[in-house]
1. With +1 on each Lys and Arg Cβ and -1 on each Asp and Glu Cβ, and nothing else charged, work out how big the dipole of chain B is about its Cα centre, in Debye to the nearest 20.
2. Taking a label point 7 Å from Cα toward Cβ, how far is residue B:124 from its twins in the other copies, in nm, shortest first?
3. For residue B:48 and residue B:68 in the same chain, what is the full-extension length gain: residue separation times 0.36 nm, less their Cα-Cα distance, in nm?
4. Report, for residue B:50, each distance to the same residue's label point in the other copies, shortest first and in nm; define the point 7 Å along Cα→Cβ.
5. How many times 2.2 N^0.38 Å is the alpha carbon radius of gyration of the protein assembly as shown?
6. Could you let me know the centre-to-centre spacing of segment A:73-148 and segment B:50-120, using Cα atoms, in angstrom?
7. Going 7 Å from the Cα of residue B:113 along its beta-carbon direction, which residues of segment B:63-81 have the amide nitrogen within less than 15 Å of the resulting point?
8. Considering the Cα positions of segment A:47-148, please state its Rg to one decimal place and its Dmax as a whole number of Å.
Number of protein chains: 2
Amino acid sequence: MDTIISDETFMREALKEAQKAFDADEVPVGAIVVCNNKIIARAHNLTERLNDVTAHAEMQAITAAANYLNGKYLNECTMYITLEPCVMCAGAIAWAQLGKLIYGAPDTKRGFNLLKENKILHPKTEVISGILDKECADLIKTFFQKKR
Amino acid sequence: MDTIISDETFMREALKEAQKAFDADEVPVGAIVVCNNKIIARAHNLTERLNDVTAHAEMQAITAAANYLNGKYLNECTMYITLEPCVMCAGAIAWAQLGKLIYGAPDTKRGFNLLKENKILHPKTEVISGILDKECADLIKTFFQKKR
C-alpha cells in the first residue's frame, strides 16, 4: 500500500524552496510539483538573479514538470506553492490544465483571486489554500521587513 | 533626424515570426520588442517544440528583451504581437511594466480582454490594437483550417 504523504509535508518542501529564494535575496516563494506522490519538479523565484519578471517559481516548476513528463499537460499533478499565484502564473497553470493547486498564504496585492470575475484557472483544477499559511506568510513578511 | 518606422512595418516583423511558427506547425503567433526604434527581441510560439505551455511568443520576447537590456523592466519598450495576449502573457507584460503594447488580431477565446474587470495590465501601459489585424488573423485561421 502506498504511504499517503500529507499536504503539509509537501508544502514544507515548497517552503524549503522559498527559503532558498530568501537566502538568495529573492522574494521568497517556492513551488513543487507532485505526481503519483513523487516530487517531479522544484523551483523558487529567480526574478532578480535572472533579471526576468517571468521567472516566478510556478513558471519554472511548470516548465520543469512538463520536461520531466515529456508532455505539456499537468492534469495528473498537484502543485504546492507557498503563495497564492499571480495572474501570470494562474494563466500558466490554466494552460497546463493542472489537476490540483495547493497554496499556502494569500497574496492580497497580486493574487489571481483579486480578479473577482475569476475564470482564469481551468474549470477542472481543484484549489486548496491555507496549508502552512502562517509559515509561508511569515517568510515573506520577514523578507520585506529586512528590506525596509 | 531619426526615421520614424511605422507600426505596420514593425507588425510585419512580428508577422514574420508568426510565419516561422506556422512553418514549424505551431499556433502562428509572433512578437517583437522595439526600443528606440530598434528591434531588440524576436520570438514566436514554441509550445509544441518545447513541450511547454509557457513558451508563448510574448513570454520569450519579454525574457529576451530583458536579457538584451540587462534589466527586468520594459517601460521604454513597445511590444508588437500578432494576436491579443492571453491572461498569462498579459500578466507577464504587467510585471514587465511594458511601455506600449500593440497587437494585431483579437483573441475572442483566450484574450486578456475577456476578463472584463480588466486590471491585468500595468496602468501606464498604452494599448493599441488592430494593426494588420486581417493578416494576423488570416494566418491563424489558415493554420486551424489545415488542422481540421
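1. Here the size comes out at about 260 debye.
2. In nanometres, ordered from closest: 4.2.
3. 4.7 nm
4. 0.9
5. This ratio for the protein assembly as shown stands at 1.00.
6. Using only Cα atoms, the two centres lie 20 Å from each other.
7. What the label zone holds, given the 15 Å backbone N cut-off, is B:81.
8. 13.9, 43
Where a number appears in this text, it was derived from the coordinates with a stated rule and is not lab data. The structure displayed is predicted, hence computed values, not measured ones. Note that each Cβ is placed from the backbone with ideal geometry, even for glycine, and that neighbours are counted across all protein chains shown.
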